[in-house]
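Bear in mind these aren't lab numbers, they're just calculated from the coordinates by the rules spelled out. The structure presented is a predicted model; accordingly, all values stated were derived computationally and were not measured. Don't worry about glycine lacking a Cβ; one is built from the backbone with ideal geometry, like all the others, and counts go over all protein chains shown.
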Amino acid sequence: MNKAQKRTWLRFAVSFATILIAAVVIAYIRRNAIDIYDMSQPTRYIILGLLSAIPPVLIAVIDCRRKKVYDERDRQIDNKAAIYGAIGAFIFLAGAGWLLIVMTKMGSIKAPLVILLVYLAYFVWILVSSTASLFQYGWTVKGEKS
């Protein structure tokens, strides 16, 4: 396994864990009918903001820490994976936006939900592009040792 594959596995793990944790938090908020728009408790927003900043910072550290010494095949795989990631993120945004509009009675989306959708779309992008990279490495790399 080369360095690009290791970086891809780390990004995959961080984005998968983030999406999983976000799904659990959203389900908890909906099940307990917590009003996330209540501005009387600003510490809730501060804590949520700090916790939400950890995964993007972790992905940035993963990308900066690894040396960018890749061959032409790794660059080609990254370019194809980025296209797949963008397609996956836009499909996620379209589906989630449609679902939110259908679920609300007035057919509108509140501003904090748009921010949440963009945040989650970033991790869907990373997850889909990492999966596409790992599939491409699996199909093209045979018998390589590190």
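Length gain on complete extension for the stretch Trp9 to Ala94, per 0.36 nm per residue less the alpha carbon to alpha carbon distance? Can you show the working numbers first?
Details: separation 85, 0.36 × 85 = 30.60 nm, distance 2.68 nm.
Once the chain is fully extended between Trp9 and Ala94, it gains 27.9 nm.
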Gaussian network model of the chain, Cα within-10 Å springs - most flexible of Pro42, Pro56, Pro112: Pro42
message: Using Cα springs under 10 Å in a Gaussian network model of the chain, which residue among Leu116, Leu50, Leu100 shows the largest mean-square fluctuation?
response: Leu50
Angle in degrees between helix 72-103 and the longest Cα principal axis of the chain, rounded to the nearest 10: 20
- prompt: To the nearest 20 debye, what is the magnitude of the charge dipole of the chain about its Cα centre, counting +1 on the Cβ of each Lys and Arg and -1 on the Cβ of each Asp and Glu?
  reply: 360
query: When only Cα pairs under 8 Å and 6 or more residues apart are kept, what is the percent relative contact order across the chain?
result: 44
query: Once the Cα atoms of helix 42-65 and of the chain are each reduced to a long axis, what angle between those two axes, in degrees from 0 to 90 to the nearest 10, is obtained?
result: 10
- line: Excluding near-sequence neighbours (fewer than 8 apart on one chain), the chain holds lysine pairs with C-alpha atoms under 14 Å apart numbering 6
query: What's the angle, to the nearest 10 degrees (0 to 90), between helix 111-140's Cα axis and the longest principal axis of the chain?
result: 20
- prompt: Once log10 I(q)/I(0) by the Debye sum over Cα atoms at q = 0.09 Å⁻¹ is worked out from the coordinates, which option in (1) -0.36; (2) -0.23; (3) -0.27 does it equal?
  reply: (1)
